[in-house]
Amino acid sequence: MYTSLLTSRAPSVSFRCTKSSKRRHGGIPMREASAHRDIVVACAGVWKIFGQRVSEAIEAAKRHGVDKDEMLARFHCVIAVRDVSFAIRRGEILCIMGLSDCGKSTLVRHINPLIAPTEGEILINGEDIGACDTKRLRHISAAEIAMVFQNFALLPHSTVRDNVAFGLELRNLSKMARWDRAQRIIEQMGPKGWEDRFPSELWGGMCQRVRIARAMAVDPSILLVDEVDEPFSVLDPLIRRDLQSQFLEM
Ligand SMILES: Nc1ncnc2c1ncn2[C@@H]1O[C@H](COP(=O)(O)OP(=O)(O)OP(=O)(O)O)[C@@H](O)[C@H]1O
Ligand SMILES: [Mg+2]
């Protein structure tokens with residue numbers, strides 16, 4: 001079930017909050033969002049500008065609504081995310097849609113959290129990640145979050161089982177425990193019977209199942225999927241429906 005559908009034809013991801021006087025995460029005041037146990041991800045006024053002259057660039061964007069092309073011409077900066085606010089509750093699926101280059105992947109990478117915003121606040125399970133040091137960020141990323149990357153290939157020299165178990169290595173599980181968990185996920189998500197094969201022996205839909213199984217294996221509280229398309233779109237319709245319901249169940 002897609003509970004929110006956000007579309008943006010603007011040149012950068014831009015979901016504006018309705019009330020601008022206070023920082024709000026998707027309509028929920030920040031203090032409430034941090035205390036709200038049900039809210040797993042909350043963003044308030046998140047901006048990301050790439051380049052050297054980011055302070056001038058953000059000022060111009062805020063004061064004069066400078067768009068992406070003008071920003072590039074005047075400041076040699078790329079505006080990727082523009083004042084985004086939202087909150088996601090436990091069990092909710094948020095789908096971010098937009099034209100190519102509008103900033104979807106950049107926004108998702110903030111939640112991982114692989115990059116820091118130029119401005120704005122991000123809460124993961126109530127914790128302000130802007131206030132975390134690198135060690136804490138790494139811990140949050142490993143313990144809470146899994147991501148299916150847009151272009152992240154499988155490890156070519158590892159078997160399907162090892163690929164699925166990959167994320168569990170970061171959690172210091174023994175090899176047996178990793179394989180056990182990987183096997184259980186492969187039995188649910190597939191591709192069952194292909195555990196000892198290598199990625200070069202698989203085809204498109206199977207690779208996708210392994211990538212999703214790898215993310216699910218760590219049992220994340222937050223699963224980020226950065227895909228050009230719906231994650232199961234490469235699979236044939238019957239398998240797709242099956243996996244979609246298993247995915248939602250999990
Ligand atoms: N590290 C970076 N340095 C400079 N510019 C960047 C960087 N990362 C992304 N951008 C720019 O930010 C903008 C948004 O890129 P992003 O990859 O987030 O778009 P997207 O919506 O995911 O596109 P697609 O649908 O093609 O995946 C683009 O103009 C891109 O060139
Ligand atoms: Mg992208």
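The values are calculated or read from the model by the stated rules, or taken from the named source; none is laboratory data. Values in this document were obtained by computation on a predicted structure and should not be read as measured data. Protein only, heavy atoms only, side chains kept; ligands, DNA and RNA dropped before computing areas. Shrake-Rupley method; radii C 1.70, N 1.55, O 1.52, S 1.80 Å.
The heavy atoms of M206 present about 20 square angstrom of accessible area, all protein chains included, probe 1.4 Å.
Working note: Karplus 6.51/-1.76/1.60 with θ = phi - 60° gives region 153-159 the couplings 6, 6, 6, x, 9, 10, 6 Hz, where Gly and Pro are set to x. At a probe radius of 1.4 angstrom, the accessible area of region 160-249 per residue rounds to 54 square angstrom. Roughly to the nearest percent, how much of the accessible area of region 160-249 is carbon and sulfur, given a 1.4 Å probe? Within region 160-249, the accessible surface is 51 percent carbon and sulfur. The largest accessible area among H36, H76 belongs to the first residue in H76, H36, and the rest follow in falling order (1.4 Å probe, all chains). Measuring with a 1.4 angstrom probe and ignoring ligands and nucleic acids, W194 comes out at about 60 Å² accessible. Of the whole protein surface, D226 contributes about 10 Å² of accessible area at a 1.4 Å probe radius. Cross-link pairs exceeding 20 Å in C-alpha to C-alpha distance, out of K135/K175; K68/K104; K104/K135, comprise K135/K175; K104/K135.
Using a probe of 1.4 angstrom, how much of the accessible area of region 92-139 is carbon and sulfur, in percent?
On region 92-139, the fraction of accessible area on carbon and sulfur atoms equals 51 percent.
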